[in-house]
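The values are calculated or read from the model by the stated rules, or taken from the named source; none is laboratory data. Since we're looking at a predicted model, the values are computed, not measured. Neighbour counts are summed over all protein chains in view; Cβ atoms, including those assigned to glycine, are modelled from backbone coordinates with ideal geometry. Areas reflect the complete protein model, heavy atoms only, side chains present, ligands, DNA and RNA absent. Shrake-Rupley method; radii C 1.70, N 1.55, O 1.52, S 1.80 Å.
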Amino acid sequence: MAGTPAFGLTKLTNKIGEGFLIPAGNMLRESTGLSFHWFFMASQKRTMTKSRRVQDRSKKKRVHDLEIATERWKVTSKVLVVIEALKREPEQVIPLKRLEQYRQQINLSKPHKVVHFIRKSPKLFELYRDKKGVIWCGLTKEGEDLVEEETRLLEDHSEKAVEYVTRLLMMSVNKRLPVDKIAHFRRDFGLPYDFRNRWIHMFPDHFKVVRIEDAEYLQLVSWNPAWAVTELEKKAMATGTISDISPEPGVLFLPFPMKFPSNYKKLFRYGGKIEHFQKRSHLSPYADAKGLSPGSQEFDKRAVAIMHEILSFTIENRLVTDHLTHFRREFVMPQKLMRLLLKHFGIFYVSERGKRLSVFLTEAYEGSELADKCPLVLWKEKILRLTGYRGRRKRIESSNEFSDVEGALFDGDFDNQTTFMNLEDGEIDGTIDDSSLVDDSEMKAEQWMDPD
């Protein structure tokens, strides 16, 4: 591209200490510049690691604090499945038998029963028996209040959610994404429950729904230059690392914040490679990527930048990994995306806990807690405090230490006998009483998981 100024790369002083890789110096962004030739070769040979399970490749890099965060997220997500099922009902009550259809979403394996799972959170859920003997499940008064609070918080978060969805579209190669795939991010991005039916039609100035080959896509309507600035650039600007931001997305010379566990002993071995990677320039996620060669260093580093940006958009700075891999084509990312996540341990952390893997943005966490919690995260913490989750008091040593069944996630045993409120037929359509008839002694909401 003609007329491009030749920006020099200021020397970076990288200090590895106290678990961080700290960038220093003045790093500039080149608005235009490096041009890359785009080609795909089916027979392209790429250097790959040995074929091993993700669990085997990451177990020696396990970060105990982030495994704790994963366990808390698992419990909350199970409870939210039940809450969302109740919200779909006109009176927010549902026959217990019908809740069995959500067994897979709750990740409840046999012989464990849904009724046992419900009874382990008596401060959130109540059980009722009507005159015909049918058992119903509903929310307690505290549960109803939390549902109303979430509705308000989602409304307050809507403006930020619009920005993040628009920026996703701006990063995509064709400036459109399948609605089905965006729906995977609904909870993570703080999108409302009516995302498909109402929300995506409310902002025609930013995006619109189009149908292509019997599939719905969300199409970008207008490009917003102010939103074509990465979260990495914003932080660098706020800290004075850079003095200005180019009006057009181009090549960036910014290192990624890194964080390692205090007991990680291989920094001396990989320090040179890390420094080399950090000094290398990369194309902005919002710049045109069609000139990059798959398998090149520029291609892979841009993929790291895209994953960093997407994780920065989420309310908990973490995602289920398959939600990222579903977007490989739309965001022009490598086929072996998991390999890239594992390779850049320090920027990302992959937890293999459970059936679905999660990836964290390490810079966002202090221990097992998010450094900056938005109101929706604080709301989830309220939900967790009302469950029977007590956590583990022993150190996580292996990937099999936690079971996916709810018995390993909650504490307490229950009698076979259950007390239910007897309702007349006409009372089913009324308002649920706010009194919980399940004995509070069955389950107490306790502290977070103790890392020791």
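Centre-to-centre, using Cα atoms only, region 332-393 and region 276-325 are separated by 18 Å. Whole-Hz Karplus values for region 203-208 come out as 10, x, 6, 10, 7, 9 Hz, taken residue by residue from phi with 6.51 cos²θ - 1.76 cosθ + 1.60 and θ = phi - 60°; glycine and proline positions read x.
Please compute the length gained on full extension between Asn197 and His64, using 0.36 nm multiplied by the number of residues separating them and subtracting their Cα-Cα distance. Please report the intermediate quantities before stating the final value.
Details: separation 133, 0.36 × 133 = 47.88 nm, distance 4.01 nm.
This chain segment gains 43.9 nm when fully extended.
Per atom type, region 138-263 shows carbon and sulfur on 48% of its accessible surface, probed at 1.4 Å.
Here, region 155-243 is characterised by an Rg to Rh ratio of 1.02, where Rg is the alpha-carbon radius of gyration and Rh the Kirkwood radius.
Packing around the peptides 201-212, 98-109, taken as the average count of other Cβ atoms within 10 Å per residue, puts them in this order, highest first: 98-109, 201-212.
The fraction of all Cα pairs in region 74-177 landing in successive 10 Å bins from 0 to the largest distance is 13, 36, 25, 17, 8, 1, given as whole percents.
Residue by residue, region 332-338 carries 3J(HN,Hα) couplings of 6, 10, x, 5, 8, 5, 4 Hz when phi is fed to the Karplus relation 6.51 cos²θ - 1.76 cosθ + 1.60 (θ = phi - 60°); x denotes Gly or Pro. Positive end of the dipole of region 145-293 (Cβ unit charges, origin at the Cα centre): among Tyr217, Thr241, Pro178, the Cα lying farthest that way belongs to Thr241. Descending by average beta-carbon neighbour count within 10 Å, the peptides 291-297, 140-146, 355-361 line up as 355-361, 140-146, 291-297, the highest first. Between Gln335 and Asn224, the distance separating the two model label sites (each 7 Å from Cα on the Cα→Cβ line) works out to 3.7 nm. Computing FRET efficiency as 1/(1 + (r/R0)^6) for Lys234 and Glu148, where r is the C-beta to C-beta distance and R0 is 35 Å, gives about 0.55. Put simply, when 376-382, 329-335, 130-136 are sorted by average Cβ atoms within 10 angstrom per residue, most first, you get 329-335, 376-382, 130-136.
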